[in-house]
Structure formats: C-alpha cells, structure tokens
Amino acid sequence: MSISETQAGQMKLIGGRLCLDFTNTADWHASDHPEEYLTSYAALVAWSQHTEIITEAEAQRLLAEAERRPDEATAALEEAITLREALYRLLRATLAGRAPNADDLASFNAARADALAHSQIAATADGFAWRWIANEQELVWLLWPVILSAADLLLSPDLERVKACPGPDCGWLFLDTSKNHTRRWCTMEGCGNRAKARRSYRRKRQSQQTGE
C-alpha cells in the first residue's frame, strides 16, 4: 500500500455525515490546487474501509477484482471523483445561496438512480436496513452508500447546518452539531490553530508598530 493509500485510509473524518467526509477526500478543496487523497482505486478502497462502508474481506475482494480489471478500476475511480466534485459544487452553491448547476444536479440524480436500482430494504434483527444488490465483480458499489447519504442530507433540515471551513483555501465541509451552532473550523488543531496564530502575529505586529 502506497503512502497516498495509507493517507486515504487514515484521514480525519470530521464531516458528521458520510457524504461530507467523501467531499473532504480532497485537501485544500477551496484552492486552485487541491491535494487529492483518492489517487488510485486502492486509495478509494482504503477510504471506504476506513469509513466502514466495506469490511476488510470486501476490501480484499475489490482489490483483487481491480487487479484483474485495471481499466475498469480506473473508470470506477474517475466516477468517484466526478461524483465527489459534483456533490461538492452542489453543496457549496447551497451554502452560498445560489441555484445548483443543472449539470451537477443531473449527474448526481443519475448516480442516485443507479444506487437505488441496486438497493433494497431488508429485515434485520433490529428492524430494517438497506441491502445492496451487487455481485462481487462490481467495482463501484462502494459509492452507493455515499450517494444515499448525500440524497438524505440534501432533503434533510440538517442541510442548513452544513458549513464550509473558512480557513484559507481549506473548504472542508462539516455538519455543525454544536449546541448553539457556533462551530467554525474543520478542526481546532488544524485551521483553528492556524487562525489563532495569525491573530497572535497581527497583534504582535500592531504592538510593535505602536511602540515604535
């Protein structure tokens, strides 16, 4: 497993919803040059196992299939990134109070229709749950839980609690579940601390200039 695949399987999950963690698989997403976590199909599998979409056994089967069918694995990775970017733009437009791009919405709806066509509600010991109808050779089925998570969020009142980290070029999305809806940063140890350091530096500079 490469360094990038390891990173995808260990990245921070701060979104509060599966679909938001998926949009955050590009670091510095609001910049002109985002850093990509999903650099290979193996990285996508690693992230999916990290988020518990798939089990270790399912991950090994998918990796074996991807090795046998590298072109299809590449196409599945491209499909994942296309889906992520469409979803990210839809959410950012919503946060900005803009109408969603028609092509992005059509792309997401096509993905949603495919996911629903491969799903059914099954009885469990605790009630009911989604079950995926897919054979072991299907390389894109690990995207379907993400798609249904996004559909649920887009239709939920929780959509109003989605925020984008205001850290310079960060752009990570998260669901603000704080009591007074006051969460601002993706993480305090990341963008939050960088903001504190910038404020401290500005105060120090102003103090020095005042004393001159």
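Bear in mind that the values in this text are calculations on the coordinates, not laboratory data. Since we're looking at a predicted model, the values are computed, not measured. Positions of Cβ are backbone-derived with ideal geometry, glycine not excepted, and every protein chain shown enters the neighbour counts.
Placing unit charges on the Cβ atoms only, positive for Lys and Arg and negative for Asp and Glu, gives the chain a dipole magnitude near 1680 debye about its Cα centre. Length gained on full extension, Ala93 to Met188: 31.7 nm, using 0.36 nm per residue less the C-alpha separation.
Given a 10 angstrom Cα cut-off, can you work out which residue in Ala75, Ala106, Ala129 is the most mobile in a GNM of the chain? Checking each option, the largest mean-square fluctuation is seen for Ala129.
So which residue, out of Gly16, Gly190, Gly171, gets the largest mean-square fluctuation from a GNM of the chain using Cα contacts under 10 Å as springs? Of Gly16, Gly190, Gly171, the most mobile in the Gaussian network model is Gly190.
Roughly how many debye, to the nearest 20, is the charge dipole of the stretch 91-193 about its Cα centre, given +1 on each Lys and Arg Cβ, -1 on each Asp and Glu Cβ, and no other charges? It would help to have the intermediate numbers written out before the result.
On the way: 9 positive and 12 negative charges, 89 e Å.
Its charge dipole is roughly 420 debye.
Largest mean-square fluctuation among Ile53, Ile14, Ile121, in a Gaussian network model of the chain whose springs join Cα atoms under 10 Å apart, belongs to Ile121. In the chain, Cα pairs under 8 Å separated by at least six residues give a relative contact order of 23 percent.
Anything in the chain that counts as a DSSP H helix reaching 24 Å or more along its axis (C-alpha) with Kyte-Doolittle mean of at least -1.0? List them, would you?
Values: long enough: 70-95 (37 Å, 0.08); 193-211 (27 Å, -2.59).
Qualifying helices, which must be both long enough and hydrophobic enough, are 70-95.
Using a simple spin-label model with pseudo-atoms 7 Å out from Cα toward Cβ, Asp27 and Ser178 lie 2.4 nm apart.
Taking the inverse of the mean 1/r over every pair of distinct Cα atoms in the chain gives a Kirkwood hydrodynamic radius of 18.8 Å.
Note on the stretch 143-171 and the stretch 24-87: Cα centroid distance 18 Å, given to the nearest whole angstrom.
Find how much the distance from Thr124 to Glu79 grows on full extension, using 0.36 nm per residue of separation minus their present alpha carbon separation; answer in nm with one decimal. Please report the intermediate quantities before stating the final value.
Numbers: separation 45, 0.36 × 45 = 16.20 nm, distance 3.11 nm.
Value of the extension gain: 13.1 nm.
For the chain, taking a cut-off of 4.7 Å between Cβ atoms, the unpaired cysteines are Cys19, Cys191. Between Thr23, His33, Pro166, the Cα set farthest toward the positive side of the dipole of the stretch 3-211 (charges on each charged residue's Cβ, about the Cα centre) is that of Pro166.
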